[in-house]
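Visitor: Structure incoming, see below.
Every read-out reported here was derived from the displayed coordinates using simple, explicitly stated rules and does not represent laboratory data. Note that the coordinates shown come from a computational prediction; the quantities given were computed from them, not determined experimentally. Every residue, glycine as well, gets a Cβ built from its backbone with ideal geometry; the counts of neighbours run over all protein chains shown.
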There are 2 protein chains.
Amino acid sequence: MARDASHQYLIAPNPGDRRLTRSVKGVDETGKVADIPVVEERPLTIFLNGQEIVTAMTIGDYPEYLALGFLRNQRMLQPDETVTKVDYDDDLETVVVRTDGSTTYEEKLKKKTRTSGCAVGTVFGDMMEGLDELTLPEASVHTSWLYTLSATINRTPSIYLEAGAIHGTVLCRQDQPLVYMEDVGRHNAVDKIAGWMLSEKEDGGDKILYTTGRLTSEMVIKCALMGIPVLVSRSGFTAWGVDIARQVGMTLVGRMRGARFTCLSGEERLVRDAEPKHAQDKKPR
Amino acid sequence: MARDASHQYLIAPNPGDRRLTRSVKGVDETGKVADIPVVEERPLTIFLNGQEIVTAMTIGDYPEYLALGFLRNQRMLQPDETVTKVDYDDDLETVVVRTDGSTTYEEKLKKKTRTSGCAVGTVFGDMMEGLDELTLPEASVHTSWLYTLSATINRTPSIYLEAGAIHGTVLCRQDQPLVYMEDVGRHNAVDKIAGWMLSEKEDGGDKILYTTGRLTSEMVIKCALMGIPVLVSRSGFTAWGVDIARQVGMTLVGRMRGARFTCLSGEERLVRDAEPKHAQDKKPR
């Protein structure tokens, strides 16, 4: 098996990109001075048709995908709306998304600001809106895929392996990772995947979403809105995340480390075609 | 040394509180059915003097401290303003904070919603406001304190040890942990500490803040606003977090695991009174 799995990806992390990390002088526990690589964190302001929507803190790559995915996952871009242009301005740190439709963003924004005026932490607002009608497609999940994905992703050169302090999200099909995004905000990494899917008109029905972050209500809702029936994480669960996954018919696998995992929703779709003891991923991420 | 350090605390986690975790039926990698403890996640809507400010997703303990600390760290409560009443309604999942002053929250809210209408991820907005004038008090930090704190905190019974998927923040003085808060949102855990400090009129100048979360710009800014000159984490750094810590004169210690740590700001205040090889904390959190 290849040690470096980057060639398998449509988009892989680019730890060599000098815009994404910076070397900072510091000391270790013995007093030894060292140059420590740390991730960048910069503001990006997202506009929709001339309306300023949000300023997100991001590592800074794929700003167009981040803007598109954010707006889509916030239901500010409707599925039937056509995006006519996405303009990123590096100096101004802005992205402007233009559509042909009349958007409902003003109403949305008013609703959101009423329920969540300040943007620290997690939003509630109209988060659950649109989930009632949503049912994810049936999809079987081979446990061998999960082990292969986990091993491949952990071996992939990444900003995480270079500098830490960053979350990763990977869009996969069966045992193949396709698009691997990283960001200081775990939601940004997911939104960048959503933006890529929207741009490429990729359907979520045959996909698996792998994330390093916890399986909270927000993460499950984003995955559901992206039409992806399987969500996998190295981290743990919240009770509400589990409730929503069960409601929309999502297979939810967490605490995936080495041979071990826990499945708290949709376990009837798991196809156990791998002996856990043969799982190769022993390395932590 | 006592195995259970809970008695040392003014406030310690309460993993036995049945409102905070729930047992969910699931399967493991072998197909074995098990009851898995997962953390709760519930909405809490915070009002200031009749104005709805935000709905946060929280584990649900100490709602009054969360509301006070959130408003203070958002600079919606001014230092000279007197809080006259804090009412929590369990059924409505609301907290109302009342003050005697005329607050500037409406202006603040308008400003925030213009720059950050939707509350997912991290805010920029007027985040840096008020930091220019701020300089933290001089404070030496004994490395022995850091090792003792880390070992004590890791041994403290917590929801993290029970169910995972939760962040912890601990307010400490020298080698003594005082107040240990946990929450699904790492910012909530910090805000609950800030709320406690505000209620108890505790000064931050002689304190150390320990967090399990990453040292991002937001985390450093919150710590600075709380007047705490030392911020320590098991996790890593972002470049902007380091920049702000250096600007306000904060000692910033990250990647603290076992005997190892990295200091990227204020290292001149470290008093190296412990041999790293004697550090006792080998257990991961």
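Visitor: Using only helices, what value at 222 nm comes out for chain A when you add -39,500 (n - 2.57) per DSSP H run of length 4 or more and divide by the total residues, to the nearest 500 deg cm²/dmol?
Guide: -8000 deg cm²/dmol
Visitor: Let me ask something else about it. Report, in whole Å, the centroid distance computed from the Cα atoms of region B:130-190 and region B:55-71.
Guide: 17
Visitor: Shifting gears a bit: So if each residue of separation counts as 0.36 nm, and I subtract the Cα-Cα distance between B:Asp87 and B:Leu161, what length gain in nm does that give?
Guide: Residue separation times 0.36 nm, minus the Cα-Cα distance, leaves 23.5 nm.
Visitor: Sticking with this one: If R0 is 51 Å, what FRET efficiency do you get for B:Asp28 and A:Lys201 from their C-beta distance, rounded to 0.05?
Guide: FRET efficiency, B:Asp28 to A:Lys201: 0.85.
Visitor: Ratio of alpha-carbon Rg to the 2.2 N^0.38 Å globular estimate for chain B, to two decimals, please.
Guide: Taking the Cα Rg and dividing by 2.2 N^0.38 Å, one obtains 1.02.
Visitor: On alpha-carbon atoms, Rg over Rh for region B:126-285 using Kirkwood Rh?
Guide: For region B:126-285, the value is 0.93.
Visitor: Could you pull out every one of the aspartates and glutamates with an alpha carbon less than 17 Å from that of A:Lys222, ignoring same-chain neighbours closer than 8 positions?
Guide: Counting by Cα, and skipping residues close in sequence, A:Lys222 has these aspartates and glutamates nearby: A:Asp126, A:Glu129, A:Asp132, A:Glu133, A:Glu182, A:Asp183, A:Asp191, A:Glu202, A:Asp203, A:Asp206, A:Asp243, B:Glu41.
Visitor: Same structure, new question: Over its Cα atoms, what ratio of radius of gyration to 2.2 N^0.38 Å does region A:47-89 give?
Guide: Against the empirical 2.2 N^0.38 Å value, I get 1.12 for region A:47-89.
Visitor: Same structure, new question: In the structure displayed, which of A:Lys192/B:Lys32; A:Lys32/B:Lys192; A:Lys32/B:Lys207; A:Lys32/A:Lys192; B:Lys25/B:Lys207 lie more than 30 Å apart, Cα to Cα?
Guide: Pairs exceeding the cut-off: A:Lys192/B:Lys32; A:Lys32/B:Lys192; A:Lys32/A:Lys192; B:Lys25/B:Lys207.
Visitor: Still on this structure: Along Cα-to-Cβ, 7 Å out, sits the label point; list in nm, shortest first, how far the one on A:Gly31 is from those in the other copies.
Guide: List, nearest first: 6.1 nm.
Visitor: Quick one: with label points 7 Å out along Cα→Cβ, list the inter-copy distances for B:Gln51 in nm, shortest first?
Guide: 2.2
Visitor: Note down the nm distance, to one decimal, between modelled labels 7 Å out along Cα→Cβ at B:Leu10 and at B:Gln247.
Guide: Roughly 3.0 nm, to one decimal.
Visitor: Using the number of other C-beta atoms within 10 angstrom as an exposure proxy, rank B:Thr212, A:Thr55 with the fewest first.
Guide: By the 10 Å Cβ count, ascending, the order reads B:Thr212, A:Thr55.
Visitor: Next up: Take the Cα of B:Arg272, step 7 Å along the line toward its Cβ, and report every residue of region B:128-159 whose backbone nitrogen sits under 20 Å from that point.
Guide: Within reach of a label on B:Arg272, which here means backbone N under 20 Å from a point 7 Å along Cα→Cβ, region B:128-159 contributes B:139-150.
Visitor: Under a Cβ-Cβ cut-off of 14 Å, what is the net charge of the residues other than B:Arg173 that fall near it, where Lys and Arg count +1 and Asp and Glu count -1?
Guide: Local net charge: -4.
Visitor: Taking a label point 7 Å out from Cα toward Cβ, give me the nm distances from A:Asp206 to the same spot in the other copies, shortest first, one decimal.
Guide: When each copy's label point is compared with this one, the spacings are 6.6 nm.
Visitor: Starting from the Cα of B:Asp175, step 7 Å along the direction of its Cβ; do the same at A:Arg75; then give the gap between the two resulting points in nm.
Guide: Computed distance between label sites B:Asp175 and A:Arg75 equals 5.5 nm.
Visitor: What average count of beta carbons from other chains do you get within 10 Å of the Cβ of residues in B:237-248?
Guide: The mean count of partner-chain Cβ atoms within 10 Å per residue comes to 5.
Visitor: Contact order normalised by length for chain B, with contacts defined as Cα pairs under 8 Å and 6 or more residues apart; what percent is it?
Guide: 19
Visitor: Is there a simple number for the mean count of other chain Cβ atoms within 10 Å of the Cβ of residues in B:249-257, and what is it?
Guide: Mean shielding count: 2.
Visitor: Can you pull the one-decimal nm distance between simple spin-label points at A:Gln51 and A:His142, each 7 Å off the Cα toward Cβ?
Guide: Once both label points are built, they end up 4.6 nm from each other.
Visitor: Which order do the peptides B:84-91, A:83-90, B:249-256, B:167-174 come out in when sorted by mean C-beta neighbours inside 10 angstrom, highest first?
Guide: My ranking of the peptides, most packed first, is B:249-256, B:167-174, A:83-90, B:84-91.
Visitor: Would you mind giving the three semi-axes, in whole Å and largest first, of the ellipsoid equivalent to the protein assembly as shown according to its Cα gyration tensor?
Guide: 34, 29, 24
Visitor: Only helices at least 20 Å long along their own axis, judged from Cα atoms, and with Kyte-Doolittle mean hydropathy of -0.5 or greater: name those in chain A from DSSP H.
Guide: A:186-200
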